[in-house]
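The values are calculated or read from the model by the stated rules, or taken from the named source; none is laboratory data. Remember, it's a predicted structure, so these values are computed and weren't measured experimentally. Virtual Cβ from ideal backbone geometry, glycine too; neighbours counted across all protein chains shown.
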């Protein structure tokens with residue numbers, strides 16, 4: 001009897017934890033379906049999501065869609081480059097000054113844009129949500145210290161900060177992503193912290209603490225599901241910010257010149273003074289940046305109705 005009793009006591013905590021996490025994921029799944037239903041009712045959000053999905057599919061299928069390699073020179077029969085050729089059936093968006101196919105560079109540039117945008121948004125959501133929850137939940141000197149660090153980082157301008165990184169570490173997409181991860185999560189952290197300050201005073205949080213729930217369980221099991229809509233909202237907005245940041249840094253010449261990105265395309269067209277004359281080289285990447293950022297904004301604007309239920313009131 002004593003052996004069976006001790007065995008049951010050893011198994012019981014594990015079973016309780018598994019049941020708790022199973023309930024957490026079930027609640028999260030139910031909440032996701034509800035939020036998706038609200039999101040789908042917004043025409044603006046669906047248009048924005050359609051733009052993002054389109055560019056995501058282009059980025060995913062880019063290796064199969066490009067007619068040429070992005071840095072493959074198009075050579076004429078006489079051995080010369082097809083330099084600054086206007087759009088033709090063979091080259092729908094013409095060629096660059098170096099004889100590269102613009103359409104191929106544009107398609108491959110979508111991979112860089114979506115990679116930077118989605119990874120930047122993920123980092124903004126994860127870092128901002130974690131920092132905001134810790135600061136809001138513990139309060140006191142923890143909150144004060146974290147918020148002062150946030151205030152200091154707010155004083156760092158993004159573009160000069162990344163330029164310094166590129167000067168020290170070299171031009172790279174990863175340095176731009178690192179700059180995004182360092183500075184773009186600040187607003188998310190502040191908003192999440194404010195929400196957590198309110199949530200931790202709710203009766204069900206007090207009941208969970210009284211029942212012996214650990215701080216980790218309270219934060220990630222009881223509080224996190226309630227701040228996910230806010231995190232997702234700012235992550236959607238961060239997609240546009242991240243893509244604009246990469247294009248801006250690359251346009252200034254601090255990106256990776258060996259990567260075919262929309263910012264590098266614009267920078268090259270500007271440096272060669274063909275920005276206005278070779279319109280087929282400069283306008284397509286500019287339009288693509290505008291569409292993706294606009295799509296991210298519309299998707300975020302629609303998701304705001306989930307984060308702020310008052311916007312759904314007639």
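Just the residues that are surrounded by fewer than 20 Cβ atoms within 10 Å (Cβ to Cβ) and not in a helix (DSSP H, G or I), please, taken from the stretch 41-64.
41, 61
Could you check residue 263 against (1) in contact (Cβ under 8 Å) with a residue 60 or more places away in the chain; (2) in contact with a helix residue (DSSP H, G or I) (Cβ under 7 Å, 6 or more places away or on another chain) and say which number it fails?
In the conditions (1) in contact (Cβ under 8 Å) with a residue 60 or more places away in the chain; (2) in contact with a helix residue (DSSP H, G or I) (Cβ under 7 Å, 6 or more places away or on another chain), residue 263 misses (1) alone.
Among the residues of the stretch 98-111, is there at least one that is loosely packed, with under 15 Cβ neighbours inside 10 Å and farther than 16 Å from residue 237 by Cα?
For the stretch 98-111, residues loosely packed, with under 15 Cβ neighbours inside 10 Å and farther than 16 Å from residue 237 by Cα: present.
To keep it simple, each residue is scored yes or no on (1) touching a helix residue (DSSP H, G or I) at 6+ places or on another chain (Cβ under 7 Å); (2) surrounded by fewer than 20 Cβ atoms within 10 Å (Cβ to Cβ); (3) assigned to a helix (DSSP H, G or I); (4) at pLDDT 90 or above.
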residue	(1), (2), (3), (4)
254	yes, no, no, no
268	no, no, yes, no
277	no, yes, no, no
285	yes, no, yes, yes
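With the condition kept exactly as written, say whether any residue in the stretch 150-170 is more than 15 Å from residue 245 (Cβ to Cβ), buried (at least 17 other Cβ atoms within 10 Å of the Cβ) and in the same structural domain as residue 231 (by TED's automatic domain parsing).
Yes, the stretch 150-170 contains a residue that is more than 15 Å from residue 245 (Cβ to Cβ), buried (at least 17 other Cβ atoms within 10 Å of the Cβ) and in the same structural domain as residue 231 (by TED's automatic domain parsing).
Applying the selection to the stretch 73-88, what residues are surrounded by fewer than 14 Cβ atoms within 10 Å (Cβ to Cβ), assigned to a loop (DSSP other than H, G, I, E, B) and in contact (Cβ under 8 Å) with a residue 24 or more places away in the chain?
Selection gives 86 alone.
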